[in-house]
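Below: the structure, in structure tokens.
Values in this text are rule-based calculations from the coordinates and carry no lab data. All values derive from a computational prediction rather than experimental measurement. Every residue, glycine among them, receives a Cβ derived from its backbone with ideal geometry; neighbour counts consider all protein chains shown.
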Ligand code: RM4
Ligand code: MN
Ligand code: MN
């Protein structure tokens, strides 16, 4: 007979899926330059191959998030190419991310740009992205705008709110019946005075203006130090406005470090909030938003996926019925210990067993290390990677 905790873990593991980002496999950099890796993916096809390998090793990453300009430079015309890659590598396209920050036109903003013409261009790109999402049967359009300003007085914050409302509403009207748009917020960077969608309040209000298919996307790195992210999660859950997450860890700002590398308890607390809903069910898109410069990309992705799985399993061990009793009775220490006991449980043996039952590698990271994939791709991609530019000069 299975004991209660094994049952809880198994149920959690059966349920838990996490999306990985195509950009996590490509060369990226810091503000000072790129560090080129031999094994980095240089094409969309290679990103799909890497994502397929992560799925094969972990069994819980069936979808890959796509950034429209980076992965589908020809827009909707690239849909058949993506379809073929899905079939070849056994992973499906996940959330579609419009790119509203790369074109020169967006220097002073995209959907909040003072120029009506540039705003129109940005809205058109969002509408094209909705079309792409429909064609790929992707449910979510993940919107992040880098809009903002660097100096006080140089832009009208209020008029820009109105322009964003128009753009978001127009995008919402184009969504299909099962589609959603997720609005991501970020307090600063690249704008350093005001960011047009700076926090969850602003994202929430934009969702409310746009319509019921608009939900908030919480990127864990996009908060000021000390912000109680799980409290934001609780409010969004309460208001049925939580659409999804971009997970990553950080020490200082939007560092995009490997999940759980700095503060695993943070992610546990977020999962605890989500799993505390009465029947434990939820409809939230879990996604990773990381791109590593120092660690190998495959290794870092697998570490992140596995860490998310472990922390989700640990949060599932919380006895929420007992916790509620202790909370109501204000038995603080016992409540805290009930919560912490789950956090301190080593779930790795249970996860290993779960993987073995499904024919998956018992230790995905170990399997990657010995399986030869990275050596193979390094050899195949080395020349092309070495030709790419690393400097901004
Ligand atoms: C932003 C944000 C977005 C991501 C871009 C590349 O900081 O996290 O989600 O698409 O980076
Ligand atoms: Mn993000
Ligand atoms: Mn970010």
Task: Kirkwood-Stokes translational diffusion coefficient of region 210-303, alpha-carbon pairs, 37 °C, 0.692 mPa s, µm²/s - done: 233 µm²/s
TODO: Calculate, for residue 282 and residue 328, the FRET efficiency according to 1/(1 + (r/R0)^6) with r their C-beta to C-beta distance and R0 35 Å; round to the nearest 0.05.
DONE: 0.90
- [ ] Can you pull a Stokes-Einstein diffusion coefficient for region 181-256 at 4 °C (1.567 mPa s), Rh from Kirkwood over Cα pairs, as a whole number of µm²/s?
- [x] 103 µm²/s
Task: Additional length obtainable on full extension of the chain from residue 105 to residue 208, 0.36 nm per residue less Cα span - done: 34.3 nm
TODO: Let me have the 222 nm mean residue ellipticity of the chain computed from DSSP H runs of 4+ only, each contributing -39500 (n - 2.57), with the sum over all residues rounded to the nearest 500.
DONE: -15000 deg cm²/dmol
Open item on the list: Beyond 39 Å, how much of the Cα-Cα pair distribution for the chain remains, as a whole percent?
Closed with: 17 percent
TODO: Find the centroid of the Cα atoms in region 343-391 and in region 81-99, then give the distance between the two in whole Å.
DONE: 20 Å
- [ ] First check a/c for region 144-283, with a ≥ b ≥ c the square roots of the eigenvalues of its C-alpha gyration tensor; if it is under 1.5, answer rounded, and if not, answer prolate when a/b is larger than b/c or oblate otherwise.
- [x] oblate
TODO: Compute the normalised compactness of region 104-212: alpha-carbon radius of gyration over 2.2 N^0.38 Å, N being the residue count.
DONE: 1.04
Task: Rg(Cα) / (2.2 N^0.38 Å) computed for region 7-76, rounded to two decimals - done: 1.36
- [ ] Per residue, how big is the convex hull around the C-alpha atoms of region 309-391? Give it to me in cubic angstrom, could you?
- [x] 164 Å³
Task: Where labels lie 7 Å past Cα in the beta-carbon direction, separation of residue 376 and residue 77 in nm - done: 3.3 nm
- [ ] Select from 158, 382, 56 the residue whose mean-square fluctuation is largest in a Gaussian network model of the chain (Cα-Cα springs shorter than 10 Å).
- [x] 158
Open item on the list: Taking R0 as 51 Å, what FRET efficiency do you get between residue 348 and residue 158 from their Cβ-Cβ distance, rounded to the nearest 0.05?
Closed with: 0.50
- [ ] Figure the gain on full extension for residue 340 and residue 356 (residue separation times 0.36 nm, minus the Cα-Cα span) and round it to one decimal in nm.
- [x] 3.0 nm
Open item on the list: Using alpha carbons only, how many angstrom separate the centre of region 221-247 from the centre of region 26-64?
Closed with: 27 Å
TODO: Grab the beta carbon distance between residue 169 and residue 388, set R0 = 56 Å, and tell me the FRET efficiency rounded to 0.05.
DONE: 0.90
Task: Global geometry of region 62-131, whether rounded, prolate or oblate, following the gyration tensor of its Cα atoms and the 1.5 cut on a/c - done: prolate
Task: Stokes-Einstein diffusion coefficient of region 298-343, Kirkwood radius over Cα pairs, 4 °C, 1.567 mPa s, in µm²/s - done: 110 µm²/s
Open item on the list: Could you order the peptides 116-126, 291-301 from most to least packed, using the average number of other C-beta atoms within 10 Å per residue?
Closed with: 291-301, 116-126
Task: Full-extension gain in nm, residue 88 to residue 151, via 0.36 nm per residue minus C-alpha separation - done: 17.8 nm
TODO: Kindly list the residues of region 172-207 that lie in the label zone of residue 235, defined by a backbone N under 15 Å from the point 7 Å along the Cα-to-C-beta vector.
DONE: 185-187, 198-207
